[in-house]
Every structure is written in structure tokens, then in C-alpha cells.
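Peer 1: Sharing a structure below in C-alpha cells format, with a few things to ask.
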Amino acid sequence: MSYSKLGGRFCSVHVKQSLPRRLTSNSYYTKLASPYACQSSLRRGFACTAASHMRDFFPAQETKAIRTTPPAWPHHGYTYDEMLKVVPGHRKPRTAGDWAAWKFVRLCRWGMDFVTGISKAQKAQANVPAGQVVTVKPLTEAQWLIRFIFLESIAGVPGMVAGMLRHLGSIRRLRRDNGWIETLLEESYNERMHLLTFLKMCEPGRFMKLMIIAAQGVFFNGMFLLYLMSPRICHRFVGYLEEEAVHTYSWCIQEIEAGHLPKWTNENFRIPDIAVSYWNIPEGHRTMKDLIYYIRADEATHRGVNHTLGNLEQITDPNPFASVYKNDHNKPNPTLKPSGYERNDVI
């Protein structure tokens, strides 16, 4: 096993070589992502040992009586055709609150590019469809994982904040919440499963862990205060944030199809077991590209849900995605509705 030591941590030389030089220098790389301690075979990507593809970053604890703990919210699943129909989309801001939410998302996008070490030559233009993105220098597998981990560590916050505050509001008002709480908490849980899946592929370094803690602290408290003042703007913000996520994962799929990520297209590469069990991914569809399809569909669902919730009366309207409709009304499908549903369409 060959490692090079950086800043008191260890980095697979193969991972180090796949990152830009400025990320692997002692002065910068140890600050950014203080590299992965991944264990995988050379043929399967992040390579140092042939014994195991995935580093067991959070191994399951063996107990005397418990065999396994299933997900609290089993995934509802997608058809393959449904996942292929997911496309990036954008809901044009219509109010001052919409504009504020959109501009703040763009600021967050800039911050993520900076923290994850994306150079100007590697940035994708926001106004260019993901299928037409052309970058001077494609991202590497390691850079994509850094980006995914930071993105998913933030994306799991809003649903928990909103669900918690609506739960407390329901108790204060002594009335039902009409299905919002469950959907919001499930969204947060789903984002966390994305994060756990990527953590089975690599371990972020000390600086990235510090950035995650700092970002979570700032983001949680900011969302907490903003949701108390304007839940509608918060849901619009999350809708725009999920638009960026769909764009990012569509961009990654394009890079895989273009052959820029050979470690993920290698026939010996396998996705984590936690992903297979959570999404019930069938045999023959367990490539990295398939995994990104599932995750992108989840993000598209969150995009449609939050844009729709941002259009509703925040206290009185029921959650249309948890409601049983009358016979002559079809249940809405947020996955394929980039801009969400208008209130008159679902209430």
C-alpha cells in the first residue's frame, strides 16, 4: 500500500494524482480536503488495495441480538424511464422574495465552487443547459466526490429545520399540520442517505470536515430564523437549491457519458451496498451512472416539492404530495415538474 503523508493525514497517491496541483500542495490541499483515506483496488478507482473497493468509513456495529436496522423511510422508487425524463429546469423569480432566494442560491453556488477547489476552467455556466455544458478541463472523480459530499451535507438541513418548526407550530396551535412534516423530514432523511452513500466511497479530510461543521452551523441557524419569518421564501430557496443540484448531477452524467471519468465506467467498479439496498437498484443497473440517475431523480423531486410548497398557503393548505385526491384528480408528480405546481392545480 502506497501513501504520501500530507498535513498529518494520509492520501492515496492515486487520488492525489487525480487532483489539480494546487489541491495537492501542502499549502493548499491540506486546507481544502486533506485527502481521502479511501481503500480500493487500482482497477476500481481510488486505488490502494485490492482487498476492498469501499473504505468502511462508518461500519455497522455488531450486536448480540440485532441483525440490521432498515431505513425509517423506505425509498418509493422510480421507473427507469422516469429517471431518464428528469431534466434541469428553472422557475423564473416572480416576487422580491423569489429574487432574494435565487440570488442567495447563486452566492451559495460560488461558495461551493470555492470551497471544493473548482477552477475557472472547470466551472459550468448557470445559464447553459447541463447537456450542453463544455468545460476546458473536466472534473476528476475525486473532485466530484468532494463536491457531492459538501453539497449533500448542506442539502439535508432545510427539511429538518422546516419539519421541526412545523412540528412545534402544530403543537402550539393545537391543530394538525396536514402532512407537511412527514414530507419535509423524509426529504432531509433522503439527502442524508445521499451523503452516506458518497461517504462509502471516500473520506473527506480535516479541513472539509471543518467546513461542513461551519456551514451546517451557519446554515441551520440562518434557515431557522428565516423560516420563522417567511416559510414561503425558504421553500423557494430550497427549490432553487435543488435546481442547482439537478444541474450538477446532470453535468456529472454528461461527463461520464463523454468518457471523462474512466474509473467510474470501469466494468469492475461497483457502487456501495447501502445504495443498492436503499434504492432497490436491480442487477444490471448498478453502475455509477445509474446511481447518479437515482440521486438526480431525488433532487428533482425535492425541487418540485419545494417550489410547490412555496406556492401554497403556509398554515392552512394541506400537503398535496401526501394527500388522497378525489377520483377525477390525478396525484401530482413533482419529479417531472421543474417549476412546481401552482396552487390552483393541486388544491
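The values are calculated or read from the model by the stated rules, or taken from the named source; none is laboratory data. All values derive from a computational prediction rather than experimental measurement. Reconstructed Cβ throughout: ideal geometry from the backbone, glycine too, with neighbour counts over all protein chains shown.
Peer 1: Out of all the residues in the range 339-346, is one or more among the hydrophobic types (A, V, I, L, M, F, W, C), over 19 Å from the mean Cα position of the chain (by Cα) and farther than 29 Å from F220 by Cα? I'd like the intermediate steps shown before the answer.
Peer 2: Within the range 339-346, the first condition is being among the hydrophobic types (A, V, I, L, M, F, W, C), and the residues that meet it are 346.
If we keep only those that are over 19 Å from the mean Cα position of the chain (by Cα) too, we end up with 346.
With farther than 29 Å from F220 by Cα added as a condition, the list becomes 346.
Scanning the range 339-346 turns up at least one residue that is among the hydrophobic types (A, V, I, L, M, F, W, C), over 19 Å from the mean Cα position of the chain (by Cα) and farther than 29 Å from F220 by Cα.
Peer 1: So which pairs qualify, if the first residue must be in the range 71-97 and closer than 30 Å to S230 by Cβ, the second must be hydrophobic (A, V, I, L, M, F, W, C) and surrounded by 11 or more Cβ atoms within 10 Å (Cβ to Cβ), the Cβ gap must be under 6 Å, and the two must be at least 6 apart or on different chains?
Peer 2: Close Cβ pairs (under 6 Å, with a partner that is hydrophobic (A, V, I, L, M, F, W, C) and surrounded by 11 or more Cβ atoms within 10 Å (Cβ to Cβ)) amount to V86/A297; V86/A300; P88/A130; P88/V246; P93/W99; P93/W102; G97/I233.
Peer 1: Okay, moving on. Is there a residue being modelled with pLDDT of 90 or more, in a helix (DSSP H, G or I), over 19 Å from W99 (Cα atoms) and aliphatic (A, V, I, L, M) anywhere in the range 324-342?
Peer 2: no
Peer 1: List every residue pair whose Cβ atoms lie under 9 Å apart, where the two residues are 6 or more positions apart in sequence or sit on different chains, the first residue falls within the range 106-128 and is at negative phi, and the second residue, located anywhere, is at pLDDT below 70 and among the basic types (K, R).
Peer 2: Cβ pairs passing all conditions: D113/K123; S119/R22.
Peer 1: Scan the range 213-247 residue by residue and report those that are among the β-branched types (V, I, T), touching a helix residue (DSSP H, G or I) at 6+ places or on another chain (Cβ under 8 Å) and surrounded by fewer than 22 Cβ atoms within 10 Å (Cβ to Cβ).
Peer 2: Here is the first cut: in the range 213-247, the residues among the β-branched types (V, I, T) are 213, 218, 233, 238, 246.
Now drop any that are not touching a helix residue (DSSP H, G or I) at 6+ places or on another chain (Cβ under 8 Å), which leaves 233, 238, 246.
Correct list: I233 only.
Peer 1: Please determine whether any residue of the range 229-241 is at negative phi and free of Cβ contacts under 8 Å to residues at least 12 places away in the same chain.
Peer 2: Here is the first cut: in the range 229-241, the ones at negative phi are 229-241.
Now narrow it down to the ones that are free of Cβ contacts under 8 Å to residues at least 12 places away in the same chain: 229.
Checking the range 229-241: at least one residue is at negative phi and free of Cβ contacts under 8 Å to residues at least 12 places away in the same chain.
Peer 1: For the range 158-208, which residues satisfy the criterion of being of a type in the set (A, V, I, L, M, F, W, C), within 20 Å of C108 (Cβ to Cβ) and surrounded by fewer than 21 Cβ atoms within 10 Å (Cβ to Cβ)?
Peer 2: We begin by selecting, within the range 158-208, every residue of a type in the set (A, V, I, L, M, F, W, C); these are 160-162, 164-165, 168, 171, 174, 180-181, 184-185, 193, 195-196, 198-199, 201-202, 207-208.
Still in the running and within 20 Å of C108 (Cβ to Cβ): 160-162, 184, 195, 198, 207-208.
Of everything in the range 158-208, those that are of a type in the set (A, V, I, L, M, F, W, C), within 20 Å of C108 (Cβ to Cβ) and surrounded by fewer than 21 Cβ atoms within 10 Å (Cβ to Cβ) turn out to be M160, L195, F207.
Peer 1: For the range 312-347, name all the residues that are surrounded by fewer than 17 Cβ atoms within 10 Å (Cβ to Cβ) and among the aliphatic types (A, V, I, L, M).
Peer 2: I315, A322, V324, L336, I347, listed by residue number.
Peer 1: Take E299 and tell me if it is surrounded by 23 or more Cβ atoms within 10 Å (Cβ to Cβ) and either modelled with pLDDT of 90 or more or in contact with a strand residue (DSSP E or B) (Cβ under 7 Å, 6 or more places away or on another chain) (or both). Full working, then the answer.
Peer 2: Working: surrounded by 23 or more Cβ atoms within 10 Å (Cβ to Cβ): yes; either modelled with pLDDT of 90 or more or in contact with a strand residue (DSSP E or B) (Cβ under 7 Å, 6 or more places away or on another chain) (or both): yes.
So E299 fits the description; yes.
Peer 1: Is at least one residue of the range 143-156 at pLDDT 65 or above, in a helix (DSSP H, G or I), hydroxyl-bearing (S, T, Y) and within 27 Å of K209 (Cα to Cα)?
Peer 2: The first filter runs over the range 143-156 and keeps only residues at pLDDT 65 or above, leaving 143-156.
Filter once more, so that each one left must be in a helix (DSSP H, G or I): 143-155.
Still in the list and also hydroxyl-bearing (S, T, Y): 153.
Okay, now just the ones that are also within 27 Å of K209 (Cα to Cα), so 153.
Checked against the condition, which is being at pLDDT 65 or above, in a helix (DSSP H, G or I), hydroxyl-bearing (S, T, Y) and within 27 Å of K209 (Cα to Cα), the range 143-156 yields at least one hit.
Peer 1: Might you check whether a residue that is crowded, with 19+ Cβ neighbours inside 10 Å and either over 12 Å from F237 (Cα atoms) or of a type in the set (S, T, N, Q) (or both) occurs anywhere in the range 86-93?
Peer 2: Taking the range 86-93 first, the residues crowded, with 19+ Cβ neighbours inside 10 Å are 86, 88, 91.
Then keep just the ones that are either over 12 Å from F237 (Cα atoms) or of a type in the set (S, T, N, Q) (or both); that gives 86, 88.
Yes, the conditions are met somewhere in the range 86-93.
Peer 1: Can you tell me which residues in the range 233-261 are within 15 Å of P138 (Cβ to Cβ) and over 13 Å from the mean Cα position of the chain (by Cα)?
Peer 2: W251, I253, Q254, E255, I256, E257, A258, G259, H260, L261 - these are the residues of the range 233-261 that are within 15 Å of P138 (Cβ to Cβ) and over 13 Å from the mean Cα position of the chain (by Cα).
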